[in-house]
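Derivation of every value follows stated rules applied to the coordinates shown; laboratory data play no part. Note that the coordinates shown come from a computational prediction; the quantities given were computed from them, not determined experimentally. No Cβ is skipped: glycine too gets one built from the backbone with ideal geometry, and neighbour counts run over all protein chains shown.
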2 protein chains.
Amino acid sequence: MYLTHLECPRCNATYEPDRLHNLCACKSPLLARYDLDTLADDVQRSDMERGRDDMWRFAAFLPAAESDIISLGEGMTPLYELDGLGGALGIESLMIKDEGYNPTGTFKARGASCGISMASRLGAECVAMPTAGNAGGAWSAYAARAGLDCVIAMPEDAPEITMKECVLYGAHTYLVRGLISDAGKLINNACEKYGWFDVSTLKEPYRIEGKKTMGLELAMQLGWRVPDVIVYPAGGGVGLIGIWKALDELQQVGWIGEERPRMVAVQAEGCAPLVEAFERGDTESNFWDNAETLAGGIRVPKALGDFLVLEAVYASDGCAVSVTEDAIVDTMRRVARVDGAFLCPEAAAAVAGVARMREDGDLESDEEVMIINTGSGLKYSDLVESDLPCIDKDEAILPPGE
Amino acid sequence: MYLTHLECPRCNATYEPDRLHNLCACKSPLLARYDLDTLADDVQRSDMERGRDDMWRFAAFLPAAESDIISLGEGMTPLYELDGLGGALGIESLMIKDEGYNPTGTFKARGASCGISMASRLGAECVAMPTAGNAGGAWSAYAARAGLDCVIAMPEDAPEITMKECVLYGAHTYLVRGLISDAGKLINNACEKYGWFDVSTLKEPYRIEGKKTMGLELAMQLGWRVPDVIVYPAGGGVGLIGIWKALDELQQVGWIGEERPRMVAVQAEGCAPLVEAFERGDTESNFWDNAETLAGGIRVPKALGDFLVLEAVYASDGCAVSVTEDAIVDTMRRVARVDGAFLCPEAAAAVAGVARMREDGDLESDEEVMIINTGSGLKYSDLVESDLPCIDKDEAILPPGE
């Protein structure tokens, strides 16, 4: 256990890690800090190359003790190449880190595993959150496993499959006639009234620590180095912030050098507050009115951690780009057909962002690009048509094309 | 590359591995054989404890050369405990090997990765198969990745999500008014007419080699030993045969001893040909008329490899048990609620089979039990209700129970 304290990245206030905390008094999210000098003395990077088949292999960089861990085998997801699409875009190496191969089918499982492990350890009895869908599924599953009550509020237009997950795992689930921000206010009010622990995005400090393991893993998987570019579909942006934090910690313990990937945040044209802020050169985003995109995970009008996302983008000489709805759907289909991968629409947006960067001359063909597929496309089968021929058993199958 | 030849387990005929083969002349499936003595000289089991994050870490035990591999990061799935349900059933260790965390969400990805790698290497241009659903999704994905044509026939009542997968990956997909056996005949006829390679279950020898990696992995994950009992939901039974073959090969190279788990095949009462054969003490099963169960993956009236499944069950002092439809659905819900895992109905049947064995006195509390969750429950969300309260943004969220 190398966790020492929580720190506010905005006002530098510090907090003890031994009890439940939400935001800093200044309303900023809090970040977990570790005694990385001692960690570097105790642990070698080669120690990480074998061990548990889940993200807790990296327990030295995480806040929970062995006995606290609530795990369903999350993390240690594979990398593979999109050779077909990469070739079409003129990119030598276009890699996917596939977070669809996780409990509940998304990278939300990493945050939920770490967040619930800590909430349970620190005495929470009921956790509550608003969600666009996938986070609700993940936190409901881990809360069930930990024996915690869980209250979920989601917009009535959230994907039905995520509603079903919450119900199946026994969460107390409400649909809300409104946006995720409306659901957030309802949860906030209920938490104040009933003393539930609010686990909304970045309102507690440990979800990001779980997400951070994506960065720890990808560096190890590349042989303790980083790709040239990491492309991330940014909604709340916790994954991007987490990866950035991971690389910083890996450098501090001397396991990687000072090279950093360019961090690219991709959003949909119908909800692009980070892109707008980036284009203005601002360090915070404005609330995006009438947010609209079929990629629900990036339909976030104003992220609590927007300043941290933009900080990483600027510091890494990265960028923020937006893509159309048509590009998202077309890319999803194209990647499936040429590379056999069923990406979620958010990751399809990220791949479309790569295509856009190539068109705009913002990406060289020899840059090694890694895209985070934040979830399995199987949760988005509504986007696929299946109008198929139906034949009798005495009919015949014809060759493709006939 | 340690592959030496293909062998018929029924008549012992041998075949060269360098060209496409279907069944033996005697109509039995063929099995791949390796030069395990040389493998044992060249490779140590500790070499397997680090490396690729997918099943191809075990390439020494597989037929494809590095350059042949068609991979989407399949395998190396985690183990975790069902403490809640295990406690309720009075079992000290009830483990899941979760094959839902795979490309296309099921263990079918292992077989497809190996099968397509070899079909592509050996010159197939078009692969064809009947499927109840999940195999179609997996083989379509890997065929797309390899650039092969793929023809799929499935009963019209197959899960819609698997139809969509086939379409998305660009397979030429037919629905058939009939059973999977009718679809199989249509595929067989088309393969004979057009020269397509028939990749039906066990009709080519390499799907089982991919499935075998489950056995290699689980032994490594337990520290090069085996659990007391492996419980497997048996449809075609390839996974069970593959695990059994893996343990045999691991013993031959000296990486495990001669201990074997009791191999348990679980089926649904509405389609239990292997259970019926087991209860009669027979070495083959009879065709099960009017097969009926909501767990489509185990709705197989007569498996081509039935004799191999029963051989493993008898040799290991295992058994075959059947469970009711109600037990399947109840178990799926209960495991989600107490342990946070969304099993597929086939695996829920396996867990229900464990409960039945406990009731019948066929399982001791200190036996270490491992269940193969053959796929993600996310592909079966139809089985979950989601009739949720919908509130306005000026209403209030109430505590659980009110």
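Side notes on the structure shown:
- Gyration tensor over alpha-carbon atoms, the stretch A:108-151, equivalent ellipsoid semi-axes in Å: 15, 11, 8
- Peptide B:98-109 has a mean of 5 when you count, residue by residue, the C-beta atoms of other protein chains within 10 Å of its C-beta.
- Gaussian network model of chain B, Cα within-10 Å springs - most flexible of B:VAL309, B:VAL335, B:VAL351: B:VAL335
- The reciprocal of the average 1/r between distinct C-alpha atoms defines the Kirkwood hydrodynamic radius, which for the stretch A:316-402 equals 15.3 Å.
- For the stretch A:126-137, 3J(HN,Hα) per residue [Karplus equation, 6.51 cos²θ - 1.76 cosθ + 1.60, θ = phi - 60°, Hz, x = Gly/Pro]: 9, 9, 9, 7, x, 7, 7, x, 5, 5, x, x
- In order along the stretch A:328-333, phi translates into HN-Hα couplings of 5, 5, 4, 5, 4, 5 Hz, rounded to whole numbers, per the Karplus curve 6.51 cos²θ - 1.76 cosθ + 1.60 with θ = phi - 60° and x for Gly and Pro.
- The helix-only estimate of mean residue ellipticity at 222 nm for chain A, built from DSSP H runs of length n ≥ 4 each weighted as -39500 (n - 2.57), is -11000 deg cm²/dmol after division by the residue total.
- Rounded to 0.05, the FRET efficiency of the A:ASP83 and A:TYR15 pair, given R0 = 51 Å and the Cβ-Cβ distance, is 0.60.
- 3J(HN,Hα) from dihedral phi, the stretch B:204-215, Karplus parametrisation 6.51/-1.76/1.60, rounded to Hz, x for glycine, proline: 10, x, 9, 4, 5, 5, x, 4, 3, 4, 4, x
- Once the mean of 1/r is taken over each pair of separate Cα atoms and inverted, the stretch B:75-381 shows a Kirkwood hydrodynamic radius of 19.2 Å.
- Stokes-Einstein D (µm²/s) once Rh is taken as the Kirkwood radius of the protein assembly as shown over alpha-carbon pairs, at 20 °C in 1.002 mPa s: 80 µm²/s
- Residues A:VAL369, A:VAL253 arranged by fewest to most Cβ contacts within 10 Å: A:VAL253, A:VAL369
- Amide H contacts under 5 Å for B:ILE371, placed H, 5+ residues apart: B:MET95, B:ILE96, B:LYS97, B:VAL231
- Cα gyration tensor shape for the stretch B:224-334, rounded if a/c is under 1.5, else prolate or oblate: prolate
- Cα-based Rg of the stretch A:269-317 normalised by 2.2 N^0.38 Å, two decimals: 1.10
- Taking Cβ atoms as reference points and 14 Å as the exclusive limit, the residues near B:ILE397 contribute a net charge of -4, counting Lys and Arg as +1 and Asp and Glu as -1.
- With the convex hull drawn over the C-alpha atoms of the stretch B:1-134, the volume per residue is 181 Å³.
- For B:CYS271, distant residues with modelled amide H under 5 Å away: B:GLU292
- Each label point was placed 7 Å from the Cα along the Cα-to-Cβ direction; for B:ALA315 and B:ASP382 their separation is 3.7 nm.
- The mean sequence distance of close C-alpha pairs (under 8 Å, at least 6 residues apart), as a share of the length of the stretch B:75-381, puts its relative contact order at 21 percent.
- Note on B:LYS302/B:ASP326: beta-carbon distance plugged into 1/(1 + (r/R0)^6) with R0 of 22 Å gives a FRET efficiency of 0.30.
- Extending 7 Å from the Cα toward the beta-carbon at both B:ASP42 and A:GLU284 defines two label points whose distance is 6.2 nm.
- For A:GLU66, inter-copy separations between label points set 7 Å beyond Cα along the Cβ vector come to 3.6 nm, shortest first.
- Within straight-line cross-link reach of B:LYS245, lysines at Cα separation under 30 Å, skipping those fewer than 8 residues along the same chain: B:LYS27, B:LYS97, B:LYS108, B:LYS185, B:LYS203, B:LYS211, B:LYS212, B:LYS302, B:LYS379
- Annotation: the residues A:VAL354, B:VAL329, sorted from fewest to most other C-beta atoms within 10 Å of their own C-beta, follow the order B:VAL329, A:VAL354.
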